[in-house]
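Asks: So that we are looking at the same thing, I have put the structure below in C-alpha cells.
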Amino acid sequence: MSNENTEEAAALQAQIEHLQAEVSALRRQQKDDQKDVTFHFRGQMQNAMLSLCGQRQGDEKVLSMLMEEVEELEEDLKLQTQMNGISLTGCTTKTLQSSGRKLVQQLCVSGHCSELLFQVEFQLSEVNEASGCVRTISELNVVIDAGEMQNFSSFLSGVEESRDLLLFFRTLRSFSDRCDDRRRTFQHFQEKYPAVVSLPAGCRSEVMHLSHPELPGCVLLVHWSVHVSREGGVSPKVELLTKIPERALQLFPSQAVGGAAEAFQSLLRILGAEAALEAVIMAVSLS
C-alpha cells in the first residue's frame, strides 16, 4: 500500500472514530432527556412516556393513556385555578444538572391573578437522600405588572430573600382580591351616578373623581390604595382629598373644607367603605 493510500485510510479512520464519539454522546444525551421527561410523572403518564421513549414495548394504548392523563391534569388545573384564583399561562424548565442523586432545574412560571400579571423564575434542586427527596429553592426572582410594582417593592425584596413562594402566591391572591373590591366599587358608583362620578384613569386605578356640573372646578378625590407590608400583610387605605379653587376657598371657612377628610374617616369607621363613599357622593350630587 502506498503512503498516499495509508494517509487516506488513517484520515478516514479518524473521521469514523469522531463520528462514533458523537453518536455515543447523542445517545447519552437522549437517555438524560428521557429521564428528565419521565422524572416527575407517575402512574399512567409515566408508563406512556416510557413507552414513547422505547423503554417499554408492545403497548398499543399509549395514545389513549396520554389523552386520559392529560384530561385528568387539565381538570385538576381547572379546580386549582378556581380554588386559588391564580391562572398559569406558561412554564418553562431547563435542566442545569442531572445525576442519579441530584437534579437542578431552572424554572420560569408566568400567569395572572385576576388582571394582575406576574412572572416567577427560580432554581429548584432535588437531592435524593436516605430519608427521602429534599427540595430547595434558590435564586428566586419575581416580576409583577409594572402598574402595581410600587405596592409590592418592599414585599418582593423580602420574598426573594426568604425564597418563600407560598407566601408570595398567598399575598398575591389577597392583594388581587382587594384590588377587585376597589374596581367593583368604583365601577358601581360610576354607573349609578354618572353625572357625579368619573374615573379618568379607568376603574382599576386608585383615584375616583367626584364633582357636580354646577360647581365647576370643585372636585373631591377618593384615593383608594392597597398596601402590602414586607411580611405579606395586605391593607386597603381610603382617603378623601379636596381640590377647591382659591376663589371658592375665600367664600367658605377653611375649617369646613379642611375637616372633610377627617369627617370622611369617621364615616369609614362607622359605615364602611361603600356606604361612606355613597354618603359623600349623595352630598356632592346635592340630593
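Asks: Note down the nm distance, to one decimal, between modelled labels 7 Å out along Cα→Cβ at CYS108 and at ASN141.
Replies: Distance between label points: 0.9 nm.
Asks: Quick one: what are the phi-derived ³J(HN,Hα) couplings along segment 102-114, Karplus 6.51/-1.76/1.60 with θ = phi - 60°, whole Hz, x for glycine and proline?
Replies: Here the 3J(HN,Hα) series is 9, 10, 10, 10, 9, 10, 10, 10, 10, x, 8, 10, 6 Hz.
Asks: If you don't mind, there's one more thing I want to ask. List every residue whose amide H lies under 5 Å from the amide H of ARG163, counting only residues 5 or more places away in sequence or on a different chain, with H placed 1.01 Å from N in the peptide plane.
Replies: none
Asks: Take every Cα pair under 8 Å in segment 93-193 that's 6+ residues apart, average their separations, divide by the length, and report that relative contact order as a whole percent.
Replies: Once normalised by length, the contact order is 18 percent.
Asks: Mind giving me the nanometre distance, one decimal, between the label points for GLU239 and LEU215, set 7 Å out from Cα along Cα→Cβ?
Replies: 2.1
Asks: Follow-up question, since we're still on this one. Hand me the trypsin sites (Lys or Arg not before Pro) from segment 115-180 located in a DSSP loop with no more than 16 other Cβ atoms within 10 Å, in residue order please.
Replies: ARG163
Each reported figure results from applying straightforward, stated rules to the coordinates on display, with no laboratory input. No experiment lies behind these values; they were computed from the predicted model shown. Positions of Cβ are backbone-derived with ideal geometry, glycine not excepted, and every protein chain shown enters the neighbour counts.
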